[in-house]
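Laboratory data are not the source of any read-out in this text; all were calculated from the coordinates shown. Keep in mind the model is a prediction, meaning the values are calculated, not measured. When we count neighbours, we look across all protein chains shown, and the Cβ atoms used for this are built from the backbone with ideal geometry, even at glycine.
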Amino acid sequence: MPKKGTKSKKAVDDVPDQQENKLPDYLELQRTRVVCNADAPIHTQGFQYSGAFAAMGIDNSVSVEKFCKNFKIDIKRLTEDDMEFDMIGVDASIANAFRRILIAEVPTMAIEKIFMADNTSVIADEVLSHRLGLIPLDADPRLFDYISENDVPNERNTIVFKLHVSCEKGSQRITVKSGELEWLPEGSQLSMASPAQSGDKQKTFTSFSQSQKEILEKPLGVKFKDITIARLGPGQAIELEAHAVKGVGKVHAKWSPVATAWYRMLPEVVILEQIEGEEAEELVKKCPVNVFDIEDLGNGGKRAVVAKPRACTLCRECVMGPCGEKIQLRRVRDHFIYTIESTGALPPEVLFTEAVKILEEKCERVISELS
Amino acid sequence: MEHGSVTDSTASTFSIMEEDHTLANSARFVLNQDPRVAFCGYSIPHPADKKINIRVQTTGDPAKDVLKDALQDLMVMCQHVRGIFDIAVANHRAKKPAEQIDVDQK
């Protein structure tokens, strides 16, 4: 039992928070909140160093057990294509790592090679190929392997699509949409060898030993069938074969599995001095997202209260006006509101799980390198 | 690669290839939380090269072990995140079965 008046060094496993071992309020504010003033945010750097408060006798280290105890996830919205959830108890560096991995390092399938047989449209070959590469495919990348330069394209690492559209002479212009891409589960149909060669099996650009229909449960295709690829006038045609392979967003953005993924810190709006009467009305009108609301006091007076702090977009309209000093905008440092919008290959919750797995794999790789 | 002194194993710089801010910042954060660490930081010598340098100075333990422990801790944290996330998704789905039916109807 520490003597009255002395500060004892708190061990990591010490559970009860004694009065002498708590940080003073102003330091606690600096440690857990980013204060967003009218001109710029302050206290953006957290106190991460374990010995930051060593002079006061307070241990700032966070063990893994403490992290596991305090960590929480709260899912706000989960649909087939996007999700919004709260991650509480984690630091910005790890939240950012997940975001970076989601955008650049979770693999997907996308069209990489185009075998152009006929293109008489006004869209140049390379422009058409670029557009085809950006089309999101409805294929689970976990069922496929990566392909390298020397590998033969087979059913385990390539998906083959065919596009054969033509516009007859005399008819109206047509629009080629992504829904016209046809999946070829048996592999490539374009033959490599010249037609003069005899033999019952022509050599094609892929060597599928079995049909992909047997390996996969549901048919592959494009996710959105209404993406415009090209427009054909009368007499023009496009005939091509496209091979889709597995890749990551780091190499080319077409392989990014998310439309985007972002996070923001939980906003906290604090009214330091009471705002009453007309000022309160003005304040409520100023906020574009209705963070404030009016509360009626007993004797006919009105008071502004914070109704929906979560909606705050930090436009700073409330702190710029005459009653600006009475309001403080803050962000909670370890509470992140994550939004993930998937392009469709994988559902967003699977994407997040894959991203966390990839961070684990990175750590493992470095650990094995060090050993 | 570890660049350190032969006599003093408590301070060294680790050069890791094929990595960027994603791993370096997370590793630096976890290292900072460890009470054995006196100083830690990371830098990227040139943005075109995929190389990071993580500097670790400890209060006595060999820097390599401390870094390894920090990465182990990071792995445990990731596994915990995944576990909690899966539970949260399952709870969310259980709470709203009506929505799930809509998802299945394509």
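When restricted to residues that are crowded, with 16+ Cβ neighbours inside 10 Å, under 17 Å from A:Ser63 (Cα atoms) and either of a type outside the set (D, E, K, R) or within 9 Å of chain A (Cβ to nearest Cβ) (or both), region B:59-75 contains 8. Across region A:101-131, which residue is surrounded by the fewest Cβ atoms within 10 Å (Cβ to Cβ) among those that are of a type in the set (D, E, K, R) and out of contact with any Pro (no Cβ under 9 Å at 6 or more places or on another chain)? Among residues in region A:101-131 that are of a type in the set (D, E, K, R) and out of contact with any Pro (no Cβ under 9 Å at 6 or more places or on another chain), the one surrounded by the fewest Cβ atoms within 10 Å (Cβ to Cβ) is A:Glu126.
Screening A:Ala95 with (1) more than 10 Å from chain B (Cβ to nearest Cβ); (2) of a type in the set (A, V, I, L, M); (3) in contact with a strand residue (DSSP E or B) (Cβ under 9 Å, 6 or more places away or on another chain) gives one miss only, at (1). Selection of region A:261-278 for residues being of a type in the set (Val, Ile, Thr) and loosely packed, with under 14 Cβ neighbours inside 10 Å yields only A:Val270. The set of residues in region A:325-364 being in a helix (DSSP H, G or I), within 12 Å of chain B (Cβ to nearest Cβ) and among the charged types (D, E, K, R) consists of A:Glu349, A:Glu354, A:Lys357, A:Glu360, A:Glu361, A:Lys362, A:Glu364. Could you say whether any residue in region A:123-144 is among the β-branched types (Val, Ile, Thr) and assigned to a helix (DSSP H, G or I)? Yes, that holds for at least one residue. Among the residues of region A:33-68, those identified as away from chain B (no Cβ under 14 Å) and either within 30 Å of A:Thr313 (Cα to Cα) or not aliphatic (A, V, I, L, M) (or both) are A:Arg33, A:Val34, A:Val35, A:Cys36, A:Asn37, A:Ala38, A:Asp39, A:Ala40, A:Pro41, A:Ile42, A:His43, A:Thr44.
Inside region A:272-286, residues that are outside any helix (DSSP H, G or I) and farther than 13 Å from A:Cys323 by Cα make up a count of 0.
Of all the residues in region A:36-53, those that are surrounded by fewer than 17 Cβ atoms within 10 Å (Cβ to Cβ), touching a residue at least 40 places away in the same chain (Cβ under 8 Å) and not polar (S, T, N, Q) number 2.
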